[in-house]
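Undergrad: Take a look at this one; I'll ask things after.
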Amino acid sequence: MQEDQGEPRPPPRLAELRRRIRERSEEPSPDELWLASTLRLARLQRSPVELWAAMGREADYILVPGTYCSCPHFRYRVAPGETVEPCYHLVALEIARRTGRFHDLSETLSPEEVEAVVAEVLAHGRSPLLRRLLHRGMRAQP
């Protein structure tokens, strides 16, 4: 088996998911455009894993770009392998990254705050802490 130089290739299903995200971000749905354009996406940390939060209409979700979303569609359909059709949160995240329309908290949040936001979202579906942090004047990425 020949190894590629550079970045390892993602597994075929993950590669297909990422391809579909890129494809859908070129012609986004109204929901994807709404989420990407209303500054409801926040980068929480850059490393060791890039973590994001999407503040949706009904709930908040934790995302890893091109890889994971905590929404029901991803957990119950994509993760088990039923489909590689991405949720609109991952597509909106791709659009937001490309356009720079998101809150970048990655340089200001402590590891404990990141952990608290993730825990709130996963346990309760919303993060009051994230909203307080954003309300205190943290700015969107230029």
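The values are calculated or read from the model by the stated rules, or taken from the named source; none is laboratory data. The structure presented is a predicted model; accordingly, all values stated were derived computationally and were not measured. With ideal geometry, Cβ positions are generated from the backbone for all residues, glycine too; neighbour counts draw on all protein chains shown.
Undergrad: Looking only at the stretch 36-52, which residues are over 14 Å from Cys87 (Cβ atoms) and touching a Leu at 6+ places or on another chain (Cβ under 8 Å)?
TA: Ala42, Arg43, Leu44, Gln45, Leu51
Undergrad: Any idea which of Glu58, Glu82, Glu94, Glu50 is among the acidic types (Asp, Glu) and either in contact with a strand residue (DSSP E or B) (Cβ under 6 Å, 6 or more places away or on another chain) or over 24 Å from Arg20 (Cα atoms) (or both)? Even if it seems obvious, please write down each step before you answer.
TA: On the way: Glu82 fails: either in contact with a strand residue (DSSP E or B) (Cβ under 6 Å, 6 or more places away or on another chain) or over 24 Å from Arg20 (Cα atoms) (or both); Glu94 fails: either in contact with a strand residue (DSSP E or B) (Cβ under 6 Å, 6 or more places away or on another chain) or over 24 Å from Arg20 (Cα atoms) (or both); Glu50 fails: either in contact with a strand residue (DSSP E or B) (Cβ under 6 Å, 6 or more places away or on another chain) or over 24 Å from Arg20 (Cα atoms) (or both).
After ruling out the rest, the residue left standing is Glu58.
Undergrad: Across the stretch 75-98, what is the number of residues that are surrounded by fewer than 21 Cβ atoms within 10 Å (Cβ to Cβ) and of a type outside the set (Val, Ile, Thr)?
TA: Looking only at that region, the number is 10.
Undergrad: Sticking with this structure for a sec: Restricting to the stretch 46-60, what's the tally of residues that are charged (D, E, K, R), in contact with a helix residue (DSSP H, G or I) (Cβ under 9 Å, 6 or more places away or on another chain) and closer than 15 Å to Val118 by Cβ? Don't jump to the end; show me each part of the working.
TA: Step one: filter the stretch 46-60 for residues charged (D, E, K, R), giving 46, 50, 57-58, 60.
Still in the running and in contact with a helix residue (DSSP H, G or I) (Cβ under 9 Å, 6 or more places away or on another chain): 57, 60.
In the following step, the residues that additionally are closer than 15 Å to Val118 by Cβ were identified as 60.
Looking only at that region, the number is 1.
Undergrad: Take Arg22 and decide whether it is surrounded by fewer than 21 Cβ atoms within 10 Å (Cβ to Cβ), modelled with pLDDT of 95 or more and either touching a helix residue (DSSP H, G or I) at 6+ places or on another chain (Cβ under 7 Å) or part of a loop (DSSP other than H, G, I, E, B) (or both). Walk me through it before giving the result.
TA: Working: surrounded by fewer than 21 Cβ atoms within 10 Å (Cβ to Cβ): yes; modelled with pLDDT of 95 or more: yes; either touching a helix residue (DSSP H, G or I) at 6+ places or on another chain (Cβ under 7 Å) or part of a loop (DSSP other than H, G, I, E, B) (or both): yes.
So Arg22 passes the test.
Undergrad: For the stretch 44-82, which positions are among the hydroxyl-bearing types (Ser, Thr, Tyr) and modelled with pLDDT under 95?
TA: If we filter the stretch 44-82 for residues that are among the hydroxyl-bearing types (Ser, Thr, Tyr), which is where we start, we get 47, 61, 67-68, 70, 76.
Matches in the stretch 44-82: Ser47 only.
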